[in-house]
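The values are calculated or read from the model by the stated rules, or taken from the named source; none is laboratory data. The structure displayed is predicted, hence computed values, not measured ones. Counting neighbours? That spans all protein chains shown, and the Cβs are built from the backbone with ideal geometry, glycine included. What goes into the accessible areas is simple: the full protein's heavy atoms, side chains included, and nothing from ligands, DNA or RNA. Shrake-Rupley method; radii C 1.70, N 1.55, O 1.52, S 1.80 Å.
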Amino acid sequence: MLEKRSLRASAGKADDVWTTDSVPEPEREDYWRGALRRLYPDLTAVVPLDGEAVRGRLVVRSFADGWAGECQQSAARLAGAGCDPAGDGWDGYNLILQIYGVGRVSHAGRTFHRRFGEMTLTDAALPFEEVGLGSPHVQVWRLPRHVL
């Protein structure tokens, strides 16, 4: 189900790689939520949409003051409370490229859809909800506010 070609190429340069391939189903949701917190530290919910345990692969690497990640997972709803720059010491934006699938994003009082090839910029300090449909595959760059 999961496309591994581009993930395999990027994994050789990665700092961290997570996959649900060998995680037992009862533990998978907690494991995957913990992995996704590398991209979204404020993540509060990961809810599979197909009624089964979430499946996914995440590759994250750091650069300068930010992180770059590539995430592919089964359809799921993600929600986050927003980062507190004073609390966790990180203040920035998420630049997200939709490689495959469709994402419905609610952020900063707006709801919009992100389709193949589209990119969004979100403020990491604000709450969000994202519903990824059709085995979503995204690249996420976490960039410090002072860079933009």
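Which strands (runs of 3 or more DSSP E) does the range 37-108 wholly contain that include 1 or more residues that are open to solvent by less than 50 Å² (accessible area, probe 1.4 Å), under 13 Å from Val131 (Cα atoms) and touching a Pro at 6+ places or on another chain (Cβ under 8 Å)?
Strands (runs of 3 or more DSSP E) meeting the threshold: 66-73, 76-80, 92-107.
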(request) Return yes when Glu27 is assigned to a loop (DSSP other than H, G, I, E, B) and either hydroxyl-bearing (Ser, Thr, Tyr) or surrounded by fewer than 17 Cβ atoms within 10 Å (Cβ to Cβ) (or both) and no when it is not. (result) no
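Quick one: is Ser10 assigned to a helix (DSSP H, G or I), under 19 Å from Trp141 (Cα atoms), modelled with pLDDT under 90 and open to solvent by less than 80 Å² (accessible area, probe 1.4 Å)?
On the way: assigned to a helix (DSSP H, G or I): yes; under 19 Å from Trp141 (Cα atoms): yes; modelled with pLDDT under 90: yes; open to solvent by less than 80 Å² (accessible area, probe 1.4 Å): yes.
So Ser10 passes the test.
Residue-by-condition table, conditions (1) closer than 30 Å to Glu25 by Cβ; (2) at pLDDT below 90:
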{"residue": "Val59", "(1), (2)": "yes, no"}
{"residue": "Ala64", "(1), (2)": "no, yes"}
{"residue": "Ser74", "(1), (2)": "yes, no"}
{"residue": "Asp84", "(1), (2)": "no, yes"}
{"residue": "Asp88", "(1), (2)": "no, yes"}
{"residue": "Ser106", "(1), (2)": "yes, no"}
{"residue": "Arg110", "(1), (2)": "no, no"}
{"residue": "Arg114", "(1), (2)": "yes, no"}
{"residue": "Thr120", "(1), (2)": "no, no"}
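If you scan the range 109-137, which residues turn out to be in a loop (DSSP other than H, G, I, E, B) and either surrounded by 19 or more Cβ atoms within 10 Å (Cβ to Cβ) or not aliphatic (A, V, I, L, M) (or both)?
Within the range 109-137, the subset in a loop (DSSP other than H, G, I, E, B) is 109, 115-118, 124-127.
Correct list: Gly109, Arg115, Phe116, Gly117, Glu118, Ala124, Pro127.
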(request) State all residues of the range 138-148 that are touching a Phe, Trp or Tyr at 6+ places or on another chain (Cβ under 7 Å) and either under 11 Å from Arg114 (Cβ atoms) or part of a strand (DSSP E or B) (or both); if no residue qualifies, say none. (result) Arg142, Leu143
